Amino acid sequence: MSESHGTAGPHGYSGEKEGYLKRLRRIEGQIRGLQRMVEEDKYCIDILTQVSAATKALEAVSLGLMDEHLNHCVAEAVAKGGTTAEDKIREASDAIARLVRS
C-alpha cells in the first residue's frame, strides 16, 4: 500500500462510495471464480476471458476514481493555488501514468 496523500475526511468519491464498494465486491467474486476455474483445470481460453473481464472491471473503477479525484481534489487544489495545486496535479499525472503502464 502506498502512503496517503489526501486529507482526512470526505474524498471526491464519497458520494459514490457504496457504488464503488459494490463493484469491488463483484470483482472480488470474479477473482474467486478465477481461482476455482484454475483449481478445476478449466480451459485456458475461458480463464483468460474471465481475467479480461475482471481487468476491465478494475479499469472502470480506476477511471471512475480518477475522474472523482480530478473533479474534486485536484480542482479544489487548483482553486486554492500555490504548491498544493502543483503537487495534486503531479500526483494525478503520476497516477495516470501508473494506470497506463498497467
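Normalised per residue, the accessible area of the chain is 76 Å², obtained with a 1.4 Å probe and no contribution from ligands, DNA or RNA.
Ignoring any ligand, DNA or RNA, what whole percent of the accessible area of the chain comes from carbon and sulfur when the probe is 1.4 angstrom?
Numbers: 4280 of 7730 Å².
Accessible surface attributable to carbon and sulfur in the chain totals 55 percent.
Computed over the alpha carbons of segment 36-76, Rg followed by Dmax gives 16.3, 50 Å.
Starting from the Cα coordinates of segment 6-102, work out the convex hull volume and express it per residue in Å³. All intermediate terms of the calculation are to be shown ahead of the outcome.
Working: hull volume 9.7 nm³, N = 97.
Here the figure is 100 Å³ per residue.
The values are calculated or read from the model by the stated rules, or taken from the named source; none is laboratory data. A quick note: this is a predicted structure, and the numbers were derived from the prediction, not measured. Side chains included, ligands, DNA and RNA excluded: accessible areas come from the protein's heavy atoms. Shrake-Rupley method; radii C 1.70, N 1.55, O 1.52, S 1.80 Å.
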